[in-house]
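Undergrad: One structure is given below, represented as structure tokens, and several questions about it will come after.
A short reminder: the numbers here are calculations on the coordinates, not readings from a lab. Since this is a predicted model, take the numbers as computed values, not measurements. Quick reminder, even Gly has a Cβ in these numbers, built from the backbone with ideal geometry, and neighbours come from all protein chains shown.
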Amino acid sequence: MTNNFSRPTGPLASSGPLAGVRILEIAGVGPVPHAAMLLADMGADVVQIGRHGSTAELHGGYKQHVARGRTIIETDLKDPTEVAHVLTLVEKADVLIEGFRPGVAERLGLGPDECATRNPGLIYARMTGWGQAGPAAKRGGHDINYLAMTGHLHAMARNGERPQAPLNLVGDFGGGSMFLVVGILAALFERVHSATGQTIDAAMVDGASVLGHMIWALRGAGQWNDTPGTNMLDGGYPFYDTYETSDGRYMAVGALEPQFFAELVQGLGLDPTVVPGRFETERWDEMREIFTTTFMTRTRDEWARIFEPLDACVSPVLDYDEATDDQHLIARGTLIELNGITQPAPAPRFSRTPSPVPRFGSPQRRAFSDVWIEPVRD
């Protein structure tokens, strides 16, 4: 059987908690390459199977940076001969990740049953928007659609305004790649005991729904209503919101707890006896007006300096350029530079098996015979 956690040795040895784990990634978009990148960041040996010409697209494009840490092989999955070559890698892999619509992998001859026949220990991880079954399973979709159907997008609005899409961080990556990675790691752990692989059905609509567990719990307890912009975490509370400053920039305020609220009032230089109480809800419009007017008296950076020594949960709203200069992010190494491009560093951090420094995306074409030359079977 596959030796799941053997550590490679020699000049190609990797580091990180997933060193020795072999992953076959069928090239896709959104959460599939993101999940593969996260696994590669943790030391897994990830081989991406892309279509002919795909490596040329990596030169100078954003995909080159998402492809960091992987070996890339070009192939034509509509050619049975080349599918047979892919299956030879399946025999040596611990995990296969694919993001086709339901049924496509089976038609190509790369479905979970075909792969399990070649490698009973394989973890076959499937990433879709709507899941492998259900009325919408074969429909297209994007992050905004999954959020719309889970109720989350409705909640992401100001009172009386239209919902605002939160980039594609919640559906694609929070609900998609993160849950895919969790599923893969759980299946790898279970395989240690069973010596048998399994198929993972990861759907962005499912993961995005789970991310909203706290909101559903608040709603069930009567502490959340369906009118956007009137609740604790959606800008309804005047002490959990953003405020414009005199230079047209913004400060973020998250002073939910009483000790943080007291520090907020202190930092703003306000008389605590004049500011309405935290839960005098009938005076929240008055409180919001006081905060709005006060924040407009200074620039964002002036307020940042005032609040820096205070524990008020008040932060400047930075753009991406400014984030690269933030002293906390610099101290932690949260951002790194690869080939002159700023990128997020691997996360989380491991004390005993630290993640390797990511390799820049390798756009060269590799032959099947050059990959995983040494078998991993006992």
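Undergrad: Any idea what Rg and Dmax come out to for segment 123-190 if you just take the C-alpha atoms, in Å?
TA: Looking at segment 123-190, its Cα Rg and Dmax stand at 14.3, 48 Å.
Undergrad: To the nearest 0.05, how large is the calculated FRET efficiency for Thr273 and Thr353 if R₀ is 41 Å and r is the Cβ-Cβ distance?
TA: 0.15
Undergrad: Counting only residues 5 or more places away or on other chains, whose amide H sits under 5 Å from the amide H of Gln48 once H atoms are built in the peptide plane?
TA: Glu25, Thr71, Ile72, Ile73
Undergrad: What residues have an amide H closer than 5 Å to that of Leu335, excluding those fewer than 5 places away on the same chain, when H is modeled at 1.01 Å from N in the peptide plane?
TA: Those qualifying (amide H under 5 Å, at least 5 residues apart or on another chain) are Ala345.
Undergrad: Could you please rank Ile330, Ile144, Ile97, Ile72, placing first whichever residue has the fewest other Cβ atoms within 10 Å of its Cβ?
TA: Going from least to most buried by this count: Ile330, Ile144, Ile72, Ile97.
Undergrad: R0 = 22 Å: FRET efficiency of Ala157 with Met232, Cβ-based, nearest 0.05?
TA: About 0.90, to the nearest 0.05.
Undergrad: Let me ask something else about it. Over the Cα atoms of the chain, what radius of gyration and what Dmax do you get, in Å?
TA: Gyration radius and largest Cα-Cα distance of the chain: 24.6, 79 Å.
Undergrad: Starting from the Cα of Asp319, step 7 Å along the direction of its Cβ; do the same at Glu286; then give the gap between the two resulting points in nm.
TA: 3.9 nm
Undergrad: Next question, about the same structure. Under the definition of Cα pairs under 8 Å and six or more residues apart, what whole-number percent is the relative contact order of segment 240-323?
TA: 43 percent
Undergrad: May I have the convex hull volume per residue, in Å³, for the Cα set of segment 262-378?
TA: About 236 Å³ per residue, rounded to a whole number.
Undergrad: What does the net charge come to around Ala125 if you take all other residues with beta carbon closer than 12 Å to its beta carbon, with K and R at +1 and D and E at -1?
TA: The answer is -3.
Undergrad: I've got another one for you. Can you put Ser15, Ser355 in order, fewest other beta carbons within 10 Å first?
TA: Ser15, Ser355
Undergrad: Once you list every other residue whose beta carbon is under 11 Å from the beta carbon of Leu318, what net charge do they have if Lys and Arg are +1 and Asp and Glu are -1?
TA: -4
Undergrad: Let me ask another. If contacts are Cα pairs under 8 angstrom and at least 6 residues apart, what is the relative contact order of segment 224-378 in percent?
TA: Reported relative contact order: 19 percent.
Undergrad: If you don't mind, another one. Hey, fewest Cβ within 10 Å first, where do Arg278, Arg305 land in order?
TA: Ascending Cβ contact count within 10 Å gives the list Arg305, Arg278.
Undergrad: Apply the Kirkwood formula to segment 240-323: the hydrodynamic radius equals the inverse of the mean of 1/r over all pairs of different alpha-carbon atoms; give it in Å with one decimal.
TA: 13.0 Å
Undergrad: With the contact rule set at Cα under 8 Å and sequence spacing of 6 or more, what percent relative contact order holds for the chain?
TA: 21 percent
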